[in-house]
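Here the structure is laid out as structure tokens; the discussion comes afterwards.
Every number in this text was worked out from the coordinates using simple rules, so none of it is lab data. This is a predicted model, so every value here is computed, not measured. Virtual Cβ from ideal backbone geometry, glycine too; neighbours counted across all protein chains shown.
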Amino acid sequence: MNTLFDLTGKTAIVTGASTGLGAGMALALAEAGADIVLVSRNGSAGTKKEIEKKGRNTLDVVADLSATSQIHMIVEKTLLEFGKIDILINNAGIIRRTPAIDFSEKDWDEVMAVNAKTVFFLAQAAAKDMMKRKDGKIINISSLLAFQGGILVPSYAASKGAVAQITKALANEWAQHGINVNAIAPGYMATNNTRPLQDDPARSKAILDRIPAGRWGKPDDLKGTVVFLASAASDYVNGHVLVVDGGWLAR
Ligand code: NAD
């Protein structure tokens with residue numbers, strides 16, 4: 001059974017790997033045997049150190065994903081170091097909180113650029129390599145806000161809805177090339193992204209009251225899900241948005 005989840009010899013690119021969910025998923029893939037390309041704005045020294053302790057190889061790539069111009073560099077560096085891309089985790093994401101009536105065009109464009117446009121074009125670039133071997137796993141990080149509208153975060157909700165739809169569109173075209181494209185929709189996870197909600201006693205209580213599991217999620221809660229979707233265990237899973245939310249959506 002273990003071989004179904006074994007990632008030995010695989011190369012995974014994880015964006016937003018410096019902290020939070022990206023760091024947790026990078027570690028999980030390394031524990032399953034993969035070498036990891038860590039992509040982030042300011043470097044991922046902490047994650048790199050943790051992974052190397054586990055005996056896996058890493059490449060730390062600094063890139064600003066608000067522009068698609070950095071994508072070519074990420075792919076080139078990965079191919080130079082590891083020769084192939086087996087797994088892509090499109091995780092980097094940003095959020096802006098402002099009432100819709102005052103929401104700026106800048107906050108709209110910046111969120112859509114990182115969370116949706118780059119997700120599509122990085123997947124496209126990685127798939128060009130995966131297609132050569134008819135083998136690949138692309139996992140996009142969506143959100144509960146692919147299903148719900150959220151509060152004060154209109155561009156974020158729009159971008160995460162887009163991630164879910166990009167996932168299905170790509171799955172439809174690329175399953176025939178041996179590439180599985182799926183998404184994870186995390187619930188309320190305790191990271192920098194949700195710091196203002198955790199620090200607001202009223203919002204935090206309202207959130208916790210609705211989570212059947214009775215706690216915020218943590219990066220480790222995505223470990224099993226990401227290894228499943230990155231491994232042979234999910235070879236017949238295509239275009240799925242897998243919710244990991246302690247039961248929030250079931251309420
Ligand atoms: P985080 O803010 O802790 O980490 C975000 C990561 O993305 C960092 O590594 C950061 O460097 C990187 N990043 C952001 N903008 C970038 C850019 N322009 N270029 C390069 N890297 C960039 O967030 P997190 O909570 O770990 O979230 C990770 C993903 O999960 C995001 O897509 C987020 O929307 C999604 N998500 C988070 C939650 C949650 O509750 N925390 C819930 C659902 C979905």
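Multiply the residue gap between N172 and D199 by 0.36 nm, knock off their C-alpha separation, and tell me the result in nm, one decimal place.
Length difference between fully extended and current span is 5.6 nm.
Give the relative contact order (percent, whole number) for the stretch 2-245; include only Cα pairs under 8 Å separated by 6+ residues.
Value for the stretch 2-245: 21 percent.
Apply the Karplus curve 6.51 cos²θ - 1.76 cosθ + 1.60, θ = phi - 60°, to the phi angles in the stretch 58-70 and return the couplings in whole Hz, x for Gly and Pro.
9, 9, 9, 10, 8, 8, 9, 7, 7, 10, 6, 4, 8
Does anything in the stretch 159-187 have its amide N under 13 Å from the 7 Å Cα→Cβ label point of Y236, and if so which residues?
None, by backbone N distance to the label point.
Once the piece of chain linking M1 and S104 is laid out straight, how much longer is it, given 0.36 nm per residue of separation minus the C-alpha distance between them?
Extra length from M1 to S104 when fully extended: 32.0 nm.
Using the beta-carbon distance between A213 and N42 and R0 = 35 Å, what value does 1/(1 + (r/R0)^6) give for FRET efficiency, to the nearest 0.05?
It comes to 0.60.
Return the distance in nm (one decimal) between the two label points of a simple spin-label model at A250 and D135, each offset 7 Å from Cα along Cα→Cβ.
Result: 3.6 nm between the two label points.
What order, most packed first, do the peptides 151-157, 90-96 have when packing is the mean number of other Cβ atoms within 10 Å of each residue?
90-96, 151-157
Along its principal axes, what span do the Cα atoms of the stretch 1-137 show, with the longest given first and each in whole Å?
Projected onto the principal axes, the Cα atoms of the stretch 1-137 cover 52, 31, 29 Å.
Give me the angle, in degrees from 0 to 90, between the Cα long axis of helix 118-133 and the longest principal axis of the Cα atoms of the chain, rounded to the nearest 10.
20
Per DSSP H run of at least 4 residues, take -39500 (n - 2.57); add these up for the chain, divide by its residues and hand me the 222 nm value, nearest 500 deg cm²/dmol.
Here the helix-only value at 222 nm equals -12000 deg cm²/dmol.
Over the chain, what portion of Cα pair distances is larger than 29 Å, expressed as a whole percent?
Here the long-distance tail beyond 29 Å is 24 percent of all Cα pairs in the chain.
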